[in-house]
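Below: the structure, in structure tokens.
The values are calculated or read from the model by the stated rules, or taken from the named source; none is laboratory data. Source: prediction; values computed, not measured. Note that we place each Cβ from the backbone using ideal geometry, even for glycine, and neighbour counts take in every protein chain shown.
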């Protein structure tokens, strides 16, 4: 009897923490499959890959928990990097950085206007916005990657402090701030309230629309920051860097346990989900998986993850 | 007083409905004046031929959008069907290859519908993510089957008649397109099946309470989209006589754009096949006009993104 309950409890934990379980499985399996996985170089590379994605994911988590969605991040990431590189030719680095962030805020504001104030469907609107931004990036770069000209710019992306890359340190600080905002401030609590039940939140006196606008602005600003850091690390900008990013990040957030319905989830879950996706990509690259097969696996995982999320929602509906 | 307010509202609705259409028409008239070759009979026939593949995909997309869902998998599916059909043309007879191509589309659509029904996706957000994932899967399959290479249609094949032939100066492709328009318009307006799709898109709860099986509507919608995508892909490869594994790129965006500009709302329940015909015509003529004016491909993709976002915005204003 007691054992049976234990088994059920363990199963439930596995069900709730599927990202963590999958991550552990990969980490245990990989050393047997390739000796390169647990090398210092690969671990730093994995952290760097993750860091840029995590900065964006942290911002989008606020949007998703508030019950909306931001698919424009892929295009915005490219655009802000390109803007930063284009502007550093004619001005010092700091103003270029500020203007790149302003671009992010502007895109966030337009998204917020369309989705919150005009009641357009968040998914399709931000998807269209992502396409528009990619088009703008293509025009700005003439469809070729462009090189950075500022030495400090490339330094920011590649410098290490005490053996840890600066980008990773920035990411850890930002995620710590995001976690404390989510858990300890009124803004964070409003996310759950607005995403859980919009009407109730309005009756409770939360300015729900204003809150959603803020989350879009936040997501736009941190995505622009991530784009700036990515371009700094690669010392280049191109319109094609962000083709899969939006989908990858939104699905990574859902894998962690945040639901598209809103109201559930948090920053730690997002970190787990993104780590899982980045590790999977890293593992496939190390094992020399054909890039077409990689695309196939990525697609199947995305469908599987969203399916599982829907299926849980359906179960909940049926139970009620 | 009331009448004046009503009048203002009417004017606003009129502006919302026709703003993009008028904009495109101005562009077309301008092009016709400055570029004489735009009005030549040859170019008109050319445009009619270009219209058919996108038109077919857009017809299928209209049904899905009226049903309250969305299908982003048409891009990947289009590529996959193109590759499968050309591969088959190289080894078997023309009818077998065409039938295999059509069945690939039906199977792909049925798979989409089955996945959505299995996980109980009940809004376009879930459908959007799942079909985007499926697009990645189908695209990967196209790349795997062709090994990333473009496959040519055998020369002198009777298959080429579909895309290049004409009956007394009318291209065969446009005849197929209008046959599709007629059949689908009949199904959507005159049969219970079509009314069920309208009802499940307009009000799913009422539809279910009235005994309409939403699962069956979903299956019908997605199989129809798959079939229409297959016909579109077959017509296109017959015209261009080869299939690349990324043949269907951007078809999903262009199809959604055609549907929304035609006047079918993204919320589902309203709209018609005939509206989409006008939407497709406008998009095709616009693309041709921009080419004639020498606008670069990059600028065109930015312009299309802008029009898509504007169309979604105006669509959301219409619903209030």
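Scan A:248, A:230 and give me the residue that is modelled with pLDDT under 85, closer than 23 Å to residue A:107 by Cα, surrounded by 22 or more Cβ atoms within 10 Å (Cβ to Cβ) and within 17 Å of the chain's Cα centre (by Cα).
A:248
Does segment A:113-133 hold any residues that are within 18 Å of the chain's Cα centre (by Cα) and more than 7 Å from chain B (Cβ to nearest Cβ), and which are they?
A:122, A:126, A:127, A:130, A:133
Give all pairs with beta carbons closer than 8 Å in which a residue from segment B:303-320 that is within 7 Å of another protein chain (Cβ to nearest Cβ) and under 27 Å from residue B:290 (Cα atoms) meets a residue that is at pLDDT below 85 and part of a helix (DSSP H, G or I); count only pairs at least 6 apart in sequence or on separate chains.
B:312/A:124
Inspect all residues belonging to segment B:267-274 and state whether any of them is modelled with pLDDT of 85 or more, part of a helix (DSSP H, G or I) and surrounded by fewer than 22 Cβ atoms within 10 Å (Cβ to Cβ).
Yes, some residue in segment B:267-274 is modelled with pLDDT of 85 or more, part of a helix (DSSP H, G or I) and surrounded by fewer than 22 Cβ atoms within 10 Å (Cβ to Cβ).
Is it true that residue A:300 is surrounded by fewer than 21 Cβ atoms within 10 Å (Cβ to Cβ), assigned to a helix (DSSP H, G or I), within 14 Å of another protein chain (Cβ to nearest Cβ) and modelled with pLDDT of 85 or more?
yes
Hey, can you tell me all the residues within segment A:137-161 that are assigned to a helix (DSSP H, G or I), within 9 Å of chain B (Cβ to nearest Cβ) and without any contact (Cβ under 8 Å) to a residue 60 or more places away in the chain?
A:139
Only one of (1) in contact with a helix residue (DSSP H, G or I) (Cβ under 6 Å, 6 or more places away or on another chain); (2) surrounded by fewer than 24 Cβ atoms within 10 Å (Cβ to Cβ) is not met by residue A:255, so which one is it?
So residue A:255 meets the others, but not (2).
Is it true that some residue in segment A:83-105 is crowded, with 24+ Cβ neighbours inside 10 Å, in contact with a strand residue (DSSP E or B) (Cβ under 8 Å, 6 or more places away or on another chain) and in a helix (DSSP H, G or I)?
Scanning segment A:83-105 turns up at least one residue that is crowded, with 24+ Cβ neighbours inside 10 Å, in contact with a strand residue (DSSP E or B) (Cβ under 8 Å, 6 or more places away or on another chain) and in a helix (DSSP H, G or I).
Between A:54, A:99, A:79, A:93, which is in contact (Cβ under 8 Å) with a residue 60 or more places away in the chain and more than 18 Å from the chain's Cα centre (by Cα)?
From the options A:54, A:99, A:79, A:93, the qualifying one is A:93.
Restricting attention to segment B:159-195, which residues are part of a helix (DSSP H, G or I) and without any contact (Cβ under 8 Å) to a residue 24 or more places away in the chain?
B:172, B:175, B:178, B:179, B:182, B:183, B:186, B:187, B:190, B:192, B:194, B:195
Every residue, every condition in (1) in a helix (DSSP H, G or I); (2) closer than 23 Å to residue B:231 by Cβ; (3) within 8 Å of another protein chain (Cβ to nearest Cβ); (4) out of contact with any strand residue (DSSP E or B) (no Cβ under 8 Å at 6 or more places or on another chain), yes or no:
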residue: B:90; (1), (2), (3), (4): yes, yes, no, no
residue: B:96; (1), (2), (3), (4): yes, yes, no, yes
residue: B:102; (1), (2), (3), (4): yes, yes, no, yes
residue: B:108; (1), (2), (3), (4): yes, yes, no, yes
residue: B:113; (1), (2), (3), (4): yes, yes, no, yes
residue: B:120; (1), (2), (3), (4): no, no, yes, yes
residue: B:127; (1), (2), (3), (4): yes, yes, no, yes
residue: B:141; (1), (2), (3), (4): yes, yes, yes, yes
residue: B:144; (1), (2), (3), (4): yes, no, yes, yes
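If you go through segment A:169-188, how many residues are loosely packed, with under 14 Cβ neighbours inside 10 Å and within 19 Å of residue A:210 (Cα to Cα)?
Qualifying residue count for the region: 2.
Go through (1) more than 30 Å from residue A:244 (Cα to Cα); (2) within 14 Å of chain A (Cβ to nearest Cβ); (3) part of a loop (DSSP other than H, G, I, E, B) for residue B:211 and report which single condition fails.
The one condition residue B:211 does not meet is (2).
Please verify whether segment B:285-297 includes one or more residues that are within 14 Å of chain A (Cβ to nearest Cβ), without any contact (Cβ under 8 Å) to a residue 12 or more places away in the chain and in a helix (DSSP H, G or I).
yes
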